[in-house]
Ligand SMILES: [Zn+2]
């Protein structure tokens with residue numbers, strides 16, 4: 001049956017568990033609370049995915065991710081394909097086993113990094129040719145190959161190859177690019193149907209809506225992808241420099257078209273405010289490097305806004321980073337000590353800051369879910385937005 005990919009891939013007699021459904025708890029408004037069941041457990045949405053670019057969430061251990069309640073992490077196919085390579089991933093028994101993480105993993109298709117990191121050689125109907133940013137070696141990613149790579153990695157959610165257009169983007173280019181991305185999406189879906197998981201666990205495949213900031217192209221993209229019947233849908237090509245109100249209106253336009261019984265993933269977004277606004281517009285899943293990247297740069301998220309831990313005002317502040325946060329960092333350490341660690345260049349500063357920031361993002365989406373289930377999301381969101389912009393006036 002379309003949409004239940006697992007049941008196509010595996011007859012029950014194989015002994016695989018193949019519950020693949022996104023059950024939605026209907027509520028008023030667009031904000032949704034759902035459960036995605038995968039072979040590696042349930043994912044309760046809305047959900048934030050910590051980014052584990054190279055098979056590691058920077059400065060945070062898997063056991064810490066479990067402790068803060070991270071349900072799923074993201075891995076980047078481009079990086080993992082170049083290093084350690086799919087052969088090592090397969091010898092290790094897949095990415096989960098290689099990196100010591102047995103909860104779900106989503107892998108992107110590699111497209112975004114090909115366009116942003118590598119030295120691009122050319123895009124053709126066949127795929128995208130590029131030189132590695134590591135050693136200059138020449139590679140070709142095709143829609144079929146990126147599915148094969150993700151089969152080697154064994155991720156629970158795979159993504160199709162797409163072209164993420166930059167901002168601003170010429171309308172004609174956005175249209176042609178969307179049409180190419182659509183043809184690639186169909187080839188990716190066909191390749192998934194032709195191949196099987198290597199490690200006995202079902203793998204979902206998501207399509208990606210593109211079309212830059214052009215509403216009509218976005219509509220075409222979303223409708224055509226729905227026609228291809230993916231297991232879930234991502235909204236790509238946003239948070240690339242466009243005004244925030246454009247990001248919200250395009251997101252809303254997409255969630256209006258995408259089927260309500262499939263998961264929606266807004267790629268690479270964003271700030272706590274962006275996440276709350278997008279949940280309100282019907283998005284279920286997020287990833288962003290902000291919590292870890294900002295953490296390593298001494299910027300910490302709190303319920304009352306951002307803190308710059310290098311700021312002198314923290315020198316003798318013996319309160320926790322966020323008095324309402326229950327993470328290891330906030331339970332055990334003070335702002336004063338964190339400031340000291342950053343100033344002293346201690347590695348632990350990066351670990352404690354990243355752990356807290358991820359904990360904050362995981363808390364934010366978990367609380368959003370509770371508020372949705374409690375029919376109080378609109379009020380709760382308003383309160384959080386007001387708090388996020390109040391207390392902190394420090395230079396970041
Ligand atoms: Zn904390």
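With an 8 Å cut-off on Cα pairs and a minimum separation of 6 or more residues, tell me the relative contact order of the stretch 235-296 in percent.
Details: 63 pairs, mean separation 21.9, N = 62.
For the stretch 235-296, the relative contact order is 35 percent.
Provide the percentage of antiparallel DSSP beta bridges, counting only those with both residues in the chain; round to the nearest 5.
Working: 21 of 42 bridges.
Taking every DSSP beta bridge with both residues in the chain, the antiparallel ones total about 50 percent.
Report the normalised scattering of the stretch 134-270 as log10 I(q)/I(0) at q = 0.10, 0.13, 0.19 Å⁻¹, calculated by the Debye formula with identical scatterers on the alpha carbons.
Per q value, in the given order, log10 I(q)/I(0) is -0.33, -0.55, -1.08.
Calculate the spin-label point distance for residue 30 paired with residue 148, positioning each point 7 Å from the Cα along the beta-carbon direction, and give it in nanometres.
4.0
Expressed as an acute angle from 0 to 90° and rounded to the nearest 10, what is the orientation of the C-alpha long axis of helix 335-344 relative to the principal long axis of the chain?
Orientation of helix 335-344: about 70 degrees from the principal axis.
Taking the chain on its own, what percent of its Cα-Cα pair distances exceed 38 Å?
Working: 13689 of 78210 pairs.
Here the long-distance tail beyond 38 Å is 18 percent of all Cα pairs in the chain.
Looking at the stretch 233-336 from every direction and averaging, what is the projected area of its Cα convex hull in nm²?
Details: hull surface 31.3 nm².
Seen from a random direction, the Cα hull of the stretch 233-336 projects 7.8 nm² on average.
Roughly how many Å is it from the Cα centre of the stretch 121-169 to that of the stretch 198-238, as a whole number?
16
List the relative contact order of the chain as a percent without decimals, with contacts defined as Cα pairs under 8 Å and 6+ residues apart. Don't jump to the answer; show the numbers that get you there.
Details: 776 pairs, mean separation 65.7, N = 396.
Relative contact order here is 17 percent.
With each run of n ≥ 4 DSSP H residues scored as -39500 (n - 2.57), what mean residue ellipticity at 222 nm is computed for the chain after dividing by its residue count and rounding to the nearest 500 deg cm²/dmol?
Details: 16 runs with 168 residues, N = 396.
Rounded to the nearest 500, it is -12500 deg cm²/dmol.
Roughly how tilted is helix 143-153, in degrees to the nearest 10 and between 0 and 90, from the longest Cα axis of the chain?
Long axis of 143-153 versus the principal axis of the chain: about 60 degrees.
Where q = 0.13 Å⁻¹, what log10 of I(q)/I(0) comes from the Debye formula for the stretch 277-368, counting one point per Cα?
Log10 I(q)/I(0), no solvent term: -0.41.
For the stretch 270-396, what does the relative contact order come out to in percent, with C-alpha contacts under 8 Å and a separation of six or more?
Over the stretch 270-396, the number comes to 32 percent.
With viscosity set to 1.306 mPa s and temperature to 10 °C, compute the Stokes-Einstein D of the stretch 326-370, Rh being the Kirkwood radius across alpha carbon pairs; µm²/s, no decimals.
Details: Rh = 11.2 Å.
After rounding, the answer is 142 µm²/s.
What is the angle, in °, between the Cα long axis of helix 215-228 and the longest principal axis of the Cα atoms in the chain? Nearest 10 is fine, range 0 to 90.
Between the helix axis and the principal axis of the chain, the angle is about 60 degrees.
Read-outs throughout are calculated quantities, based only on the coordinates presented, and are distinct from any laboratory measurement. Just so it is clear, the model here is predicted, and its values are computed rather than measured. Neighbour counts run over all protein chains shown; Cβ positions are idealised from the backbone, glycine included.
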